[in-house]
Structures are given as C-alpha cells and as structure tokens.
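In what follows, a structure is listed as structure tokens, so that the remarks can point back to it.
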Amino acid sequence: MKTNLLILLSVLLFACKSHVKTLVAEDFYSEIQTNNGQVIDVRTPEEFKEGFIEGAVNINFNADNFTTQISNVPKDETIYLYCLKGVRSENAAKKLNSLGYKNIISLKGGIEAWQAAKLPLVMPENITKTNKPALKKYRTTEFDSIIKGKKLVFVDFNATWCGPCKAMQPYVDKIKDTREKEVTVLSIDTDANPELAARYKINQIPAIYLFKKGKTLYNEVGGKDEIALNELVDKYK
C-alpha cells in the first residue's frame, strides 16, 4: 500500500513538473540573441503597436483563440514570453506548461523592465510601408483559375503571427524563385483570406496543399525543411 502511494505521488509530481523559467531583462535579451526560439508578445494588438521586441509575434493571451494560435508553435521549441508588467506572461507560461510545452521563458517585469534596462524596441513609426507589404487577398474565382492549370500549384497557408510559418517561408520563396517553370507557388495568409481558409478547413498552420488541374494531390499540416519541400515538388510536378 505504501509503495503504491509513493508511486502515485511520484507520478503526480512528474505531471506537475514546471518547465517555466523567469529571467530579468538583461538575461532575457541575452537568451533571445544567442538561442533559437519563438518570442511571443502576449499583450493586446493595440499594446503591441506601441513597440515590441524584435522578432516577436503577437498572440494576445486574453483572446478567445489564444490556445488555438499557440498550438501552431511546436511544443519542443523554446518559447520566450513577455507582456507589459510580467503578470500576463507568467499566466501564459503556466498555461503553456499545462499544455505540454517543454521550455518556457518569461520576462520578469515585462516591457517596463525591458525599457528601464534601456534595451532595444521596434517602434511602429520606424517601420515604413515598403517594409510591410499589403497581404495578398485572393478572389475565389482567381484562386480557382490558378489551380485549374496544367502546372503544379504549391499553396502555403500561413499567417504573420505563426512562428513555424516564418521559419518555412524562406524555403517557399526559394522554390518560387528558382522553380517557376515547374511550379506556381502561392503564399496565402489565412487572416487576409478567410474564405479560402474556411473552404479548405485550415485550422492549423502552416498547411501545404498541392493542386493540378483543379484536383488536390496532397495536403499536410506542419512546417517542412527545404529538402522536404523540394521532394514534394519533384514527386507531384
């Protein structure tokens, strides 16, 4: 009986193990400069526009779809969280820990502590329009016309806030630039194209679809490396 109780306690302790670490601003800055990972600003979009840490994506912790949006980030990836004062990021860290994320780092004191340490912020007024091209919006008739062609059409469903999407984007762009005779590449932002996202039931991103003559040849959710993407083109072109 005592042995069973000890085993149960060990299981419970393991299940409750925390993968959360809190760092002061200087150490947080050093971490994101030297290690790979996804920086996530859990403030509101309005707060985000007032200035953010370079490379951060905005996923509002108080939004109803926070869990859905964060699910696009792999659970084995290091997550760096911050907010205004550190409270929301700590709560978000606890949430991610309960969801099974393995390495979560929260900024102690939030952006206020970051600014007090005189660390750099990206300010919206310093971002020119040329650096932020408008997201392409496809009419359904336009999209249908493209995928009905004889050439292979590679569609990457993504979003600006999606870390894995950003990681895969250079490989998608390279295929678009170097293999244009073999394949037509479309990068479709799901927020800018909700009708297409709904049509193909895109609930997770990135999502890759391959079409030819109007038929879906392949579809899969999740990021891929350059080799895997080129292998897909070679297989279906």
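Numbers for the structure displayed
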item	result
Test: residue in the stretch 101-117 that is basic (Lys, Arg), within 15 Å of Phe28 (Cβ to Cβ) and at pLDDT 95 or above	yes
Residue ID - nearest to the chain's Cα centre (by Cα), chosen from residues in the stretch 205-215 that are in contact (Cβ under 8 Å) with a residue 12 or more places away in the chain and not in a loop (DSSP other than H, G, I, E, B)	Ala207
Lys75 vs. criteria under 24 Å from Asn158 (Cα atoms) and touching a residue at least 24 places away in the same chain (Cβ under 8 Å)	yes
Residues of the stretch 177-200 classified as under 20 Å from Glu220 (Cβ atoms) and more than 18 Å from the chain's Cα centre (by Cα), total	10
Filtered residue count, the stretch 138-155, keeping only those that are touching a residue at least 24 places away in the same chain (Cβ under 8 Å) and more than 16 Å from Lys201 (Cβ to Cβ)	11
The stretch 23-50: number of residues that are in a loop (DSSP other than H, G, I, E, B) and either closer than 20 Å to Met168 by Cβ or touching a residue at least 40 places away in the same chain (Cβ under 8 Å) (or both)	8
When residues of the stretch 83-128 are limited to those that are within 18 Å of the chain's Cα centre (by Cα) and crowded, with 22+ Cβ neighbours inside 10 Å, the one farthest from Val20 (Cα to Cα)	Cys83
Filtered residues of the stretch 147-160 (kept if within 27 Å of the chain's Cα centre (by Cα) and either under 17 Å from Val233 (Cα atoms) or not assigned by TED's automatic domain parsing to the domain that holds Val221 (or both))	Ile147, Leu152, Val153, Phe154, Val155, Asp156, Phe157
Residue that is surrounded by the most Cβ atoms within 10 Å (Cβ to Cβ) [pool: residues in the stretch 183-215 that are within 16 Å of Thr140 (Cα to Cα) and among the β-branched types (Val, Ile, Thr)]	Ile188
Test for Ile202: is it closer than 22 Å to Tyr236 by Cβ, part of a loop (DSSP other than H, G, I, E, B), in contact (Cβ under 8 Å) with a residue 40 or more places away in the chain and assigned by TED's automatic domain parsing to the domain that holds Lys224	yes
Meets criteria (exposed (fewer than 13 other Cβ atoms within 10 Å of the Cβ), assigned by TED's automatic domain parsing to the domain that holds Thr160 and part of a strand (DSSP E or B)) for Glu231	no
Some residue of the stretch 182-195 being in a helix (DSSP H, G or I), of a type in the set (A, V, I, L, M) and in contact with a Leu (Cβ under 8 Å, 6 or more places away or on another chain)	no
The one condition in (1) in contact with a Leu (Cβ under 9 Å, 6 or more places away or on another chain); (2) hydrophobic (A, V, I, L, M, F, W, C); (3) buried (at least 18 other Cβ atoms within 10 Å of the Cβ) that Val24 fails to fulfil	(3)
Check on Glu180, modelled with pLDDT of 90 or more and either within 18 Å of Lys137 (Cβ to Cβ) or of a type in the set (Asp, Glu) (or both)	no
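For every residue, the table says whether it meets (1) at pLDDT below 95; (2) at negative phi.
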site: Gln33; (1), (2): yes, yes
site: Thr44; (1), (2): yes, yes
site: Phe52; (1), (2): yes, yes
site: Asn60; (1), (2): yes, yes
site: Asp64; (1), (2): yes, yes
site: Ile70; (1), (2): yes, yes
site: Lys75; (1), (2): yes, yes
site: Leu81; (1), (2): no, yes
site: Gly86; (1), (2): yes, no
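The values are calculated or read from the model by the stated rules, or taken from the named source; none is laboratory data. Here the structure is a predicted model, which is why all the values come from computation and not from measurement. Cβ coordinates were reconstructed from backbone atoms using ideal geometry, including for glycine residues, and neighbour counts include every protein chain displayed.
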